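Contents: one structure, followed by commentary.
Bear in mind that the values in this text are calculations on the coordinates, not laboratory data. What you see is a predicted model; the values in this text were computed from it and never measured. As a convention, Cβ positions derive from the backbone with ideal geometry for all residues, glycine included, and neighbour counts pool all protein chains shown.
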Amino acid sequence: MSTVSFQNGGPTLRVGKILCLGRNYAEHVKEMKAERPDTPVVFLKPSTALIHSGETVILPPFSHDVHHEVEMVVVIGKGGKNIERHRAYDHVAGYAVGLDMTLRDVQSDAKRRGLPWTVAKGFDTSAPVSEVVEKSAIADPHALALSLKVNGFVRQQGNTGAMLVRVDDLIAYLSGVFTLEEGDLIFTGTPEGVGPVTRGDVLEATLGSSARLRVRVE
């Protein structure tokens, strides 16, 4: 069973859906040479992709270009359908930092052929997530530093204030498509600086001053 836990002995939630947003930071859109979308770009990871701090990202043998993407993760605490924007935060339990590990070569091939990205994004161990920081401890989810170090060197550095689709709009949009449930995770997109990882790398991600994640690549 895939779960997330809260800091300071808070509750444990069973994870159902992992909903992910692509192209949600303008500078990342530029570095990927992609078009800025008119509507949110959404994809899914299975709950079996989830791992926690201290665990290991396993590189699959069928890919030779695996990239890191650091992201703020929104944890749903109360389910709902067609949630109104002004009530969106009532459904948030907390926030975490996560990594959207991506098989870039597999994804690029799928894009070229007009096929889904599921294998590139949803493989086992592709969704490392930290412990959850309670919503009450985060004054503004759009004023948080977001960073990733690989082997002690900064690779990605951004701020959640640069998100193109903000948390309340994202919850309103997603809940109009998918019924949100307690324990669902929403990966909110990555800033610029994505890049490759290799076996033996140590990845350390932070969100603000509270959420921390450390995983190894093998």
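Here are a few things to note about the model shown:
- Mean-position separation - Cα centroids, the range 31-87 and the range 117-168, in angstrom: 9
- Here the Kirkwood formula, the inverse mean of 1/r across different C-alpha pairs, assigns the range 1-100 a hydrodynamic radius of 16.0 Å.
- Relative pair counts by distance (%), Cα atoms of the range 114-181, 5 Å bins: 3, 11, 12, 18, 27, 18, 8, 3, 0
- A straight Cα-to-Cα reach below 16 Å connects Lys121 with the aspartates and glutamates Asp65, Glu69, Glu71, Asp100, Asp105, Asp109, residues fewer than 8 places away in its own chain not being considered.
- Note that the range 110-125 has calculated 3J(HN,Hα) couplings of 5, 4, 4, 8, x, 9, x, 8, 3, 5, 5, 10, x, 4, 3, 6 Hz, one per residue in order, obtained from phi through the Karplus relation 6.51 cos²θ - 1.76 cosθ + 1.60 (θ = phi - 60°); glycine and proline are x.
- Judged by the mean number of other Cβ atoms found within 10 Å, the most tightly packed of the peptides 204-215, 131-142, 26-37 leads the ranking 204-215, 131-142, 26-37.
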